[in-house]
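Asker: Supplied in structure tokens, the structure appears directly below.
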Amino acid sequence: MNTIRIAVSACLLGERVRYDGKEKRHALIMQLADEFVLQAICPEVAIGLGTPRAPVQLVASSTGIRACGVSDPGLDISERIQAYAQMQCEALQACAGMILKSRSPSCGLGSTPLFDSQSRQTGLSDGLFAGQLRKCLPDLPMVEDSALNTNDAIAEFVARVRRRAQRC
């Protein structure tokens with residue numbers, strides 16, 4: 001029986017939870033279900049945002065990086081996402097790894113576009129959920145879907161997950 005748990009962005013498992021109501025099912029990640037328990041996670045849905053929903057982007061501000069609406073900059077979900085991430089820190093300790101959606105304002109791992117107040121891209125950042133989890137779970141193997149594009153990349157991630165599972 002599969003007992004090693006990997007948390008995975010729900011959209012990568014085929015759930016229609018993205019802002020546009022679509023999914024991003026990832027065939028190589030789905031193959032991991034033969035060996036592991038894949039636990040779907042979607043911070044936006046968990047904090048009560050609907051599907052579809054208005055898109056958000058990361059914006060650098062004087063108070064730090066914020067997740068604000070693209071067409072409505074007054075929409076700010078930053079505190080809710082960060083509070084949810086903090087709440088998940090303890091629950092996700094039971095996982096041996098995590099696979100997150102690249103470029104997501106919540107889940108990206110260094111690939112999420114960062115904008116200034118005039119909507120000009122100024123760089124890349126972690127999504128707010130992923131960044132918080134990196135701080136509270138620094139030893140948890142985390143990877144983006146975009147890094148798992150070959151069988152070798154999957155095998156390397158699986159090896160890290162198995163090492164983590166043996167330590168816990």
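Asker: Based on what the data block shows, is GLN86 closer than 27 Å to LEU13 by Cα and surrounded by fewer than 20 Cβ atoms within 10 Å (Cβ to Cβ)?
Answerer: Taking the combined requirement at face value, the residue satisfies it.
Asker: Residues to consider are LEU128, LEU114, LEU109; find the one that is in contact with a Gly (Cβ under 9 Å, 6 or more places away or on another chain) and either at pLDDT below 95 or closer than 27 Å to PHE36 by Cβ (or both). It would help to see each step written out before you state the result.
Answerer: On the way: LEU128 fails: in contact with a Gly (Cβ under 9 Å, 6 or more places away or on another chain); LEU114 fails: either at pLDDT below 95 or closer than 27 Å to PHE36 by Cβ (or both).
Exactly one of LEU128, LEU114, LEU109 is in contact with a Gly (Cβ under 9 Å, 6 or more places away or on another chain) and either at pLDDT below 95 or closer than 27 Å to PHE36 by Cβ (or both), namely LEU109.
Asker: Among ALA91, ALA96, which is the only one that is within 30 Å of ILE4 (Cα to Cα), loosely packed, with under 15 Cβ neighbours inside 10 Å and over 14 Å from the mean Cα position of the chain (by Cα)?
Answerer: Within the list ALA91, ALA96, the selection yields ALA91.
Asker: Can you tell me how many residues in the range 106-128 are closer than 18 Å to SER61 by Cα, crowded, with 20+ Cβ neighbours inside 10 Å and in contact with an Asp or Glu (Cβ under 9 Å, 6 or more places away or on another chain)?
Answerer: So the count comes out to 2.
Asker: Here is a further query. Give me a count of the residues in the range 132-145 that are in contact (Cβ under 8 Å) with a residue 24 or more places away in the chain and either over 12 Å from the mean Cα position of the chain (by Cα) or more than 17 Å from LEU12 (Cα to Cα) (or both).
Answerer: 8
Asker: Could you name every one of the strands (runs of 3 or more DSSP E) located completely within the range 71-168 that has at least 1 residues being β-branched (Val, Ile, Thr) and out of contact with any strand residue (DSSP E or B) (no Cβ under 8 Å at 6 or more places or on another chain)? Working first, answer last.
Answerer: Details: elements: 97-100, 112-115, 121-125, 142-144.
In the range 71-168, there are no strands (runs of 3 or more DSSP E) which contain 1 or more residues that are β-branched (Val, Ile, Thr) and out of contact with any strand residue (DSSP E or B) (no Cβ under 8 Å at 6 or more places or on another chain).
Asker: Another question, if that's okay. Would you say GLY48 is crowded, with 19+ Cβ neighbours inside 10 Å, under 17 Å from the mean Cα position of the chain (by Cα) and not in a strand (DSSP E or B)? Can you show your working first?
Answerer: Values: crowded, with 19+ Cβ neighbours inside 10 Å: no; under 17 Å from the mean Cα position of the chain (by Cα): yes; not in a strand (DSSP E or B): yes.
Answer is no for this residue.
The values are calculated or read from the model by the stated rules, or taken from the named source; none is laboratory data. Note that the structure is a prediction, hence the values are computed from the model and not measured. Because the Cβ atoms are built from the backbone with ideal geometry, glycine has one as well, and the counts that use them run over all protein chains shown.
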